[in-house]
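> Structure below; questions to follow.
Here, each number is a calculation from the coordinates, and none is a lab measurement. Only a predicted model underlies this, so the values are computations on that prediction, with no experimental measurement involved. Here Cβ is always computed from backbone atoms with ideal geometry, including for glycine, and neighbour counts include all displayed protein chains.
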Amino acid sequence: MRKTPLRKCIITQERHPKQSLIRVVKNQAGDIFIDPTGKANGRGAYLKKDITVIRMAQKKKSLEHVFSDPELDASIYEQLITWIKDHE
């Protein structure tokens, strides 16, 4: 029996199975995007699949801090919300 990989949400600090979280990645080119496969190269951050958590991340500018990118395009938060709605 294989162990289920757990990851921590950067907002709630809760550990969940990797499949129940959304991974956002910043690759070497500096592009920041949603990684539905969970396998893209780059620095990853995990968020719970919950719109209130995404709104909280937006308010706290959590992804800007994680990726050290003060110029982060705010549309990434809207993309996350749209992705959650599409995959419920």
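> Given just the C-alpha atoms of the range 6-86, how large is their convex hull per residue in cubic angstrom? All intermediate terms of the calculation are to be shown ahead of the outcome.
Numbers: hull volume 6.8 nm³, N = 81.
Once divided by residue count, the hull of the range 6-86 is 84 Å³.
> Roughly what angle does helix 51-60 make with the longest principal axis of the chain, taking Cα atoms, 0 to 90 degrees, to the nearest 10?
The helix 51-60 is inclined about 40 degrees to the chain.
> Can I ask one more? For the chain, what is the calculated [θ] at 222 nm in deg cm²/dmol (nearest 500), taking -39500 (n - 2.57) for each run of four or more DSSP H residues and dividing by its residue count?
Taken over the chain, the calculation gives -8500 deg cm²/dmol.
> Something else about it: Once the piece of chain linking residue 79 and residue 61 is laid out straight, how much longer is it, given 0.36 nm per residue of separation minus the C-alpha distance between them?
5.0 nm
> Relative contact order for the range 6-86: what is it in percent, counting Cα pairs under 8 Å that are at least 6 residues apart?
26 percent.
> So between residue 2 and residue 52, what do we pick up on full extension, going 0.36 nm a residue minus the alpha carbon distance?
14.8 nm
> Then there is this: Is there a quick way to get the dipole size of the chain? I mean about its Cα centre, with the Cβ of Lys and Arg at +1 and of Asp and Glu at -1; what is the value in debye to the nearest 20?
620
> Any lysines with Cα under 23 Å of the residue 3 Cα? List them, leaving off those in the same chain fewer than 8 positions away.
By straight Cα distance, residue 3 reaches 18, 39, 48, 49.
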